[in-house]
Each structure stands twice: as structure tokens, then as C-alpha cells.
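Take a look at the structure below.
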Amino acid sequence: MKKAILGNGRKWQLHAVIRYLVLTIRNCRLLVFMALLLGILEVIVSLLQVWTVKRVIDSASINTGESIIRSIGILTLLIVLGFALTAFSTWVGNIEGTRAKNNMRQRILHKLLLSKDSGKLHSGDIVNRIEIDVSTILNFVGYKIPESASGLIMFAAAMVCLYHLDHYLPILVFGVIVISLAISRIYIKKMHKLIKDVRESEGNIQAVIQDSIQNRSLLKVLEATQTIAERFSFVQSNLFGNMKKSTSFSIRASAIVSAGESFVYILTFLWAALRMSAGTLTFGGMTAFLQLINKVYRPLRNLYGILPSFVGAVTSAERLMEMENWDKELNDNPIKMDGPCGIMLDNVSFRYDDSSEDVISNLSFDFHPGTSTALIGKTGTGKTTILRLLVALAVPQKGHVRVYNEKESSETSLSMRCNFIYVPQGNTLMHGTIRDNLLLGNPSATDEEIYEMLHVCCADFVRSIPNGLDTLCHENGGGLSEGQAQRIAIARGLLHGGEILILDEVTSALDEETTKELLDNLYENYADRTLIFATHDPLVIERCQRSCSL
């Protein structure tokens, strides 16, 4: 049955996806409850308007004895109340919807930050999922579900009112609805694949845009702007084609439902006219007939509209579940070890998931406490991989990585990271001020402590620039030179504190004089710490007491 609904070849079972959507409803239950309550009130007001209009028309046409002024007063009050409910519904949808969206994105981002780095998805695709798929799911659970629930109430109430006016017409309406629902099963199965293709195309576009913007200077120098433009045109053409298929199919399916609606409306109009001519139906009753048919078919259109929303929500839920089910790091309490500390690789082997060969094979090495070691080797021999193993960003398939001091020894893990100062390779500054970037290392650091660490890292230039610590760093350190950004990144790592310093190519953007000054400061201020340099720089290698050659 599940395969019949959404087709074969799906990664997630439907019950797991439904459970995910139910959890989302629980997390934004205030939004769902308020939307449902307001929807029910709108149904009541809408049906009361129909009945009041009937009474006004009958009072005017056949003199039923009802006060026309009184009925018009009630109708005016109901119209104003309807406007108020619509305005309040908009407010609830925007305010509570934004709150729910923020909470869901916060939860997903938190999970991603705590998960192991799989590298399976492009960062642009991840951004697309957090933005588009979250919005799709919340639109379904916070808008479409309450709308459909209140629509069902509207449908049931309108059918009862129709039955009160005519016993045969509701049977005809119900028959057309059953036929429409039967057709919708075919629609859902086909639409799932079409929506999935559209989502993947949007993710590809996001990836190309992000890569192009981040590397636009490189693309200009390589004279590759035309190549990227052609690539972007290609992925946009794919999206256009997938969107065209999805839209065409949706229009065809919608046309069937609209045809059924028009058929029932015309038949109702004819039936009401015949009854009026026979004297068994008042003019007000005929007006109520036609209004009630609209009240029946409006929820039917909503139910039809929930089908693509449901398929879209299922597709989006699958995409988010894929990310949220990445392996999580074991989040234990930090274990701070007294220094000096060393770290030992014991017969370690490691390979990446998509590789059949070991990057590191049966490596053993002891980084003794209080010593400095240069990790050297040709590019691609695994220097950065070893550093990732040391700080538990990667886990070896074989062997052990242990942090130790004179009293104890412990396997490296998330809980041991408080013992490390880690400065990765490349420009790792984030968008924000220099202060924002430095406080990532130690949120409680004072300006005095920050400037002291900047001095150690030969970054006194921060004092002389116009906005100082409040100078804005653009993405990837834009606005600063490579050397300036590198020294600020080192200061950020040092602010974190730790007994073991792991420094990956930290002098690659520095001149010889600055490199010597930086090394002098590090050896002077961290003489009792364990220093591990991954480097090609002869100046760094010369200053280290030991070396590990790969």
C-alpha cells in the first residue's frame, strides 16, 4: 500500500516520514492549533453569512416577516468579523510561522554541527535544504493541514445544510468527490518523482551559485567565467525542464477536478431553477444552494491542493532526514587533562569512505609532552588527515590515538578537544567582525586578552586599522590580506587554550621575517606545551625538535 502511494525505490519508509512530520507538528503545535481554531471560526462565520443572506433575500422577496434591517445588521457584523479573523490569521501565520521556521532551522543546524563531517552533500545543497525544504514542510503542517481540517468541517457542515434544503443533491456531490479522490492516487505517485527532480535541480543551482561567488576572483584569472555561465545555464535548463513537467502534470490533474466542480455547479443551478419554477424553492433558497456548493467545493479544492503539498512535504522530509541521520559525534562532558600532555598514534590506519586505499597505514608515532614536532611530507601524503585524527574529526579504522600525561591516558574524542589548540589550513575566518571571529575561540575573552593574543601572533596591525576589533571581515576573510587573516586565525586558536597546539601550514601566507617573529613568540609563550606543525616551511622545520616524515 505504501509503495502504491508514493512509488518504489524510496529510501525512507512512509511511516518513518509520517513520524517525522508528526514530530514537526508537535514542535510547532501552537501554530497548528491557532491556525485550526481560526479556520473553524471562519467556517462558522462563513456559513452564518450564507444563512443570513438567505433570510434577507426571502424577507425582501416573499415577506417572511423577518426584519430586513436586523438581518442586514447581523450580516454586516458577520462580514466585519470575517475580516478580523482573516487579519488575525495572517498575523498568526506570519509571526508563529517565522518562530516555527527559526526553531526548526536552529534544530537542524545544531544537529549538523554535532554530526560527523560526511562530505556527501555540497554546502549549497545543504543551504537549499535548510531554507526551501524547511519552508515546504512548515507550509504543509502549519497551513495546509489546518486549512484542510477546517475545510473538512466546512464540507460536512455545508453538506448538512444542502441536505436540509434538498435530500438528493448531496449524493451527487459526494459521488463526484469520490471520483476525484480516486484520480488523485495516480497523481500522488507521479508527482513525488517530479517534485524530487525539481528539488535536486534547485540544489544544483544553489551549488553552482555558491561556488561561483566564493571563487569569482579565481574564475576571472582563469578566464573561466564563460564556462561557469554555460554550466549555470545547463543546470537552470534542467530546473526549467523539470518545473515544466511538474506544472504540466499539475495543470492536467487540476483540470479534471475543475471539470467536476463546474459540472456539479451547473447541475445544481439547473436543479435549483427547476425547483424554483415548481414553487418548491425560494429565491433565497436558490442563492443559498449556489453559495453552499461553493462552500463544498472550496474545501475540495483545498483537499486537492494538499496532495501536492503532501508529496512536497514528504520529499522535503526525506531530504532533511538524510542530513539529520548522519552519524553523530558522542557528546560527552569535556575532560581537561593537566599538562604537559602528549599524544600517541598506535598502529593507526585510516581511509575515507569513498576510497579503497589507506591514506594512513599502520602509523605509530609519539608526540612527546612539551616537545615540538614537524609533520612533513609531500602534498597528499596525509598530513592534514593525521591532524584531523588527533582532534577526533576523523576516526581510524585501525589502531588508537591517545592523549596522555604523567598520570593518565585517554582515547582522543570530542570530550578531549578542550586539550587542543587547533588552527586548520587555509583561510577560515567567518563573516562578522574581527572580534566575532576571535570570540569563537573564547567567548568570555576580554579586549585585553584578545590584544595580548594578537600580539603573540604578530597581529598588532588590528590596533591601527580604523575600526579595530570591530572591523568587518567578509566571507573567507575578505577585506584582509591572506597573511592578516592567517594571523587572526592563529590568535583565535590560541584563545581557545589547550596543552597541545596543532598548527596546519600556519606560515604559508607569511614572509620570512614575520614567520621568525611568530615562531619566537610561540616558543617563548608556549615552551611547556606540545607543538605539532604540519608544514613545508624550512624555517618551521628547523625550529622543531623532532620530525615525523610521511
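The values are calculated or read from the model by the stated rules, or taken from the named source; none is laboratory data. A quick note: this is a predicted structure, and the numbers were derived from the prediction, not measured. Cβ: placed from backbone, ideal geometry, glycine included. Neighbour counts: every protein chain shown.
Of the residues Gly312, Gly279, Gly305, which single one is of a type outside the set (Ser, Thr, Tyr), surrounded by fewer than 19 Cβ atoms within 10 Å (Cβ to Cβ), at pLDDT 70 or above and in the same structural domain as Val198 (by TED's automatic domain parsing)?
Just one listed residue meets the conditions, Gly279.
Does segment 440-455 hold any residues that are touching a residue at least 40 places away in the same chain (Cβ under 8 Å) and under 28 Å from the mean Cα position of the chain (by Cα), and which are they?
Leu440, Gly441, Asn442, listed by residue number.
For segment 194-225, give me each residue that is surrounded by 17 or more Cβ atoms within 10 Å (Cβ to Cβ) and modelled with pLDDT under 70.
Leu219
Those residues that are under 20 Å from Glu411 (Cβ atoms) and not in a strand (DSSP E or B), I need them from segment 348-357; list them, please.
Arg351
Could you list, in sequence order, the residues of segment 414-439 that are in a strand (DSSP E or B) and either buried (at least 17 other Cβ atoms within 10 Å of the Cβ) or touching a residue at least 60 places away in the same chain (Cβ under 8 Å) (or both)?
The answer is Phe420, Ile421, Tyr422, Val423.
What are the pairs, 6+ residues apart or on separate chains, where a residue within segment 1-26 that is at pLDDT below 85 has its Cβ under 9 Å from a residue that is in a helix (DSSP H, G or I) and among the aromatic types (Phe, Trp, Tyr)?
So the pair list comes out as Trp12/Tyr20.
Can you go through Cys473, Cys458 and tell me which one is more than 28 Å from Tyr523 (Cβ to Cβ), out of contact with any Phe, Trp or Tyr (no Cβ under 7 Å at 6 or more places or on another chain) and surrounded by 19 or more Cβ atoms within 10 Å (Cβ to Cβ)?
Being more than 28 Å from Tyr523 (Cβ to Cβ), out of contact with any Phe, Trp or Tyr (no Cβ under 7 Å at 6 or more places or on another chain) and surrounded by 19 or more Cβ atoms within 10 Å (Cβ to Cβ) holds for just one of Cys473, Cys458, which is Cys473.
Given the criteria surrounded by 14 or more Cβ atoms within 10 Å (Cβ to Cβ), over 19 Å from the mean Cα position of the chain (by Cα) and at pLDDT below 85, does Val32 qualify?
The answer is no for Val32.
Please go through segment 380-394 and pick out each residue that is part of a loop (DSSP other than H, G, I, E, B) and either in contact with a strand residue (DSSP E or B) (Cβ under 8 Å, 6 or more places away or on another chain) or touching a residue at least 60 places away in the same chain (Cβ under 8 Å) (or both). It would help to see each step written out before you state the result.
Residues of segment 380-394 that are part of a loop (DSSP other than H, G, I, E, B), as a first pass: 380-382, 391-394.
Thr381, Gly382, Val391, Ala392, Leu393, Ala394 - these are the residues of segment 380-394 that are part of a loop (DSSP other than H, G, I, E, B) and either in contact with a strand residue (DSSP E or B) (Cβ under 8 Å, 6 or more places away or on another chain) or touching a residue at least 60 places away in the same chain (Cβ under 8 Å) (or both).
Residue under question is Thr507, and the condition is that it be touching a residue at least 24 places away in the same chain (Cβ under 8 Å) and either exposed (fewer than 14 other Cβ atoms within 10 Å of the Cβ) or not hydrophobic (A, V, I, L, M, F, W, C) (or both); does it hold?
yes
Name the single residue, out of those in segment 94-140 being of a type in the set (Gly, Ala, Ser) and modelled with pLDDT of 85 or more, that is nearest to Val235 (Cα to Cα). Step through it out loud before you land on a result.
Taking segment 94-140 as the starting set, the residues that turn out to be of a type in the set (Gly, Ala, Ser) are 97, 100, 115, 118-119, 123-124, 135.
Retained after the next criterion (residues that are modelled with pLDDT of 85 or more): 97, 100, 135.
On the way: Gly97: 31, Ala100: 32, Ser135: 23 Å.
It comes out as Ser135.
Considering only segment 183-192, I want to know if a residue exists there that is among the basic types (Lys, Arg), at pLDDT 75 or above and either assigned to a helix (DSSP H, G or I) or surrounded by fewer than 16 Cβ atoms within 10 Å (Cβ to Cβ) (or both). Step through it out loud before you land on a result.
Just the residues of segment 183-192 that are among the basic types (Lys, Arg), to begin with: 185, 189-190.
Those still in the list that are at pLDDT 75 or above too: none.
The answer is no; no qualifying residue exists.
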